[in-house]
1. For the subset of the stretch 21-54 comprising residues that are assigned to a helix (DSSP H, G or I), farther than 20 Å from residue 69 by Cα and out of contact with any helix residue (DSSP H, G or I) (no Cβ under 6 Å at 6 or more places or on another chain), which member is modelled with the lowest pLDDT?
2. Which residues, counting only those in the stretch 151-174, are crowded, with 17+ Cβ neighbours inside 10 Å, part of a loop (DSSP other than H, G, I, E, B) and modelled with pLDDT of 95 or more?
3. Go through the stretch 96-115 residue by residue and tally those that are in a loop (DSSP other than H, G, I, E, B) and closer than 25 Å to residue 154 by Cβ.
4. Anything in the stretch 114-147 that is out of contact with any helix residue (DSSP H, G or I) (no Cβ under 7 Å at 6 or more places or on another chain), on the phi > 0 side of the Ramachandran plot and surrounded by 17 or more Cβ atoms within 10 Å (Cβ to Cβ)? List them, or say none.
5. Among (1) closer than 21 Å to residue 140 by Cα; (2) in contact with a strand residue (DSSP E or B) (Cβ under 7 Å, 6 or more places away or on another chain); (3) modelled with pLDDT of 90 or more, which single condition is residue 93 missing?
6. Quick one: residue 73 ticks every box in (1) within 11 Å of the chain's Cα centre (by Cα); (2) at pLDDT 90 or above except a single one, so which number is it?
7. Across the stretch 116-143, what is the number of residues that are assigned to a loop (DSSP other than H, G, I, E, B) and at pLDDT 95 or above?
8. Taking the stretch 35-80 as the search range and keeping residues that are closer than 14 Å to residue 16 by Cβ and in contact (Cβ under 8 Å) with a residue 40 or more places away in the chain, which one is surrounded by the fewest Cβ atoms within 10 Å (Cβ to Cβ)?
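The values are calculated or read from the model by the stated rules, or taken from the named source; none is laboratory data. Everything numeric here is computed off the predicted structure, so don't read it as measured data. Cβ: placed from backbone, ideal geometry, glycine included. Neighbour counts: every protein chain shown.
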């Protein structure tokens, strides 16, 4: 019983449930599914401060523990792994007319994130971009190019400052 209460109480779990429910509605209910999903997405914005389109989020295990001001948008965020996103993170496009961007947008994979990725508060990620496994991006950074080596990155634009990453950031995720 205690575990069930914890699962219901924690914001991270509630957000994952909202996203899953909204995606389910959009994909399984003919005609009315997409408009209902959009309503649930706006409800997520009103309640938690997360601006997203649930259909475009495809992350195996997502954690947004401080959701205020997070913009995931509708460009397509994809990960087979565990991703932690902090408050104020923004995902956006460099230019909407780029043919590579348009192709990845159709596939819902503009942002391809690896396993054990941590994105610090108020970071801006401009896609299309790929981030490899075992990456920590420090707060208030700008990611505008692919990150192909594991490590810790900070700055505008991001630069690698360390090979060290701390797996405890994602250890609570399944």
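1. 27
2. The answer is 158, and nothing else.
3. The total comes to 3.
4. The answer is 134, and nothing else.
5. (3)
6. Every condition holds for residue 73 apart from (2).
7. 12
8. The residue in question is 65.
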